[in-house]
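Please treat every number below as a calculation from the coordinates, not as lab data. What you see is a predicted model; the values in this text were computed from it and never measured. As a convention, Cβ positions derive from the backbone with ideal geometry for all residues, glycine included, and neighbour counts pool all protein chains shown.
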Amino acid sequence: MASNKKRNGGRTTQPKPSTPRRLLRGFRAGPGDLAQRSTVFADLQDRSVLLIGLGNLGSTSAVQLGREGVGALSLVDFDYYDPATGVRHQLDLRAAGLPKTQALTEQIQWAAPHTAVETPQFRLGMARPNGEGPDTHDFLVDTIAATDLVYDATADRGVTSYLSDLALAADTPMISVATANGTLGGRIARFEPTGICSDCLDWYLIDQPDETSWPHLPSDPELALVQPAGCGELTFVGTGFEPAVIALGGVQAAIAVLSPAYPTADWNVAVVTMRDSDGSPIPGNTDNRRLPTHTSCSAAHKPS
Ligand SMILES: [Zn+2]
């Protein structure tokens, strides 16, 4: 038998290893594939949401709105992600120190590849020495006029009132979500041009000096806010799963505004309590009511 050396002109060759062959499984993740599994995805592909505040409630809401199929998200937050808030935030250690807008954009692009995300990085009302830097008011006026829904997760009554004024002027509906110290529940409000605004809700709160009565936020008066090391502001204490219920309730309210295929909500203020009357935890008891515009509110509501 002839050797390899002889057949190859004196060179030594080794037999070629057989090339491994693998079958790759194909997956489908086009808009049509996702829409087949959803009652609202197709409706939402041409809808846009301006979401302000990317903390606990806002980060959960943003990712879920993308998953549901909202075609365009504009996310506003000035802050950087602190991993110590990981007990109640959608982001994780990989995002430590990154702008929340940047890190959440990346997360949403993986979770919802058909959602376009825009992330202006600014702090509402920030100083503009010599007129330099973005005019946040002009940006909001233009964006709110062009978007289908404003989603407020700022947990700041002053900012909520400001956004509500802009939304009312632009005829744009707005959802506002909030929770409070102790995370015993939360509140979801829908402001519409022909319905109540944020100032109406504030008047209803003033009407109820007893802060344990509707529509005040359920909170734990025994629990103090804390300022952990490295945190620039006082922050609340509570669980992560209870606020998630409020965030997803806010998403439901948003979808009810955005999707013709989804039922319309007949309430405009919902207070969710995560404890029953003896303090036992419950998945959520919701007291929903439809409030008329408040007689003391001076906002320019549109005629219904
Ligand atoms: Zn009002």
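A compact table of results
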{"item": "Members of the stretch 158-179 found to be within 11 Å of the ligand (Cβ to nearest atom) and under 16 Å from LYS302 (Cα atoms), listed by number", "result": "SER164, ASP165, LEU168"}
{"item": "Candidate set from the stretch 282-304 (those that are farther than 21 Å from ALA256 by Cβ and not hydrophobic (A, V, I, L, M, F, W, C)); member that is surrounded by the most Cβ atoms within 10 Å (Cβ to Cβ)", "result": "HIS294"}
{"item": "Near pairs, Cβ below 6 angstrom, 6+ apart or cross-chain, from the stretch 183-200 (touching a residue at least 12 places away in the same chain (Cβ under 8 Å) and of a type in the set (Phe, Trp, Tyr)) to any residue that is part of a loop (DSSP other than H, G, I, E, B) and within 16 Å of the ligand (Cβ to nearest atom)", "result": "PHE191/CYS197"}
{"item": "Those residues of the stretch 257-304 which are within 16 Å of the ligand (Cβ to nearest atom) and not in a loop (DSSP other than H, G, I, E, B), in sequence order", "result": "VAL269, ARG289"}
{"item": "In the stretch 232-281, the residues that are surrounded by fewer than 16 Cβ atoms within 10 Å (Cβ to Cβ), farther than 25 Å from LEU205 by Cα and hydrophobic (A, V, I, L, M, F, W, C)", "result": "PHE241, ALA261"}
{"item": "Residue that is farthest from the ligand (Cβ to nearest atom), among those in the stretch 208-242 that are over 26 Å from PRO281 (Cβ atoms) and free of Cβ contacts under 8 Å to residues at least 24 places away in the same chain", "result": "ALA229"}
{"item": "Residue, nearest to the chain's Cα centre (by Cα), within the stretch 180-199, restricted to residues that are buried (at least 24 other Cβ atoms within 10 Å of the Cβ) and either within 11 Å of the ligand (Cβ to nearest atom) or closer than 10 Å to THR293 by Cα (or both)", "result": "PHE191"}
{"item": "Scan of the stretch 78-98 for residues that are of a type in the set (Gly, Ala, Ser) and without any contact (Cβ under 8 Å) to a residue 40 or more places away in the chain, ordered by number", "result": "GLY86, ALA95, ALA96, GLY97"}
{"item": "Matching residues, the stretch 89-137, being among the polar types (S, T, N, Q) and farther than 28 Å from GLU68 by Cα", "result": "ASN130, THR136"}
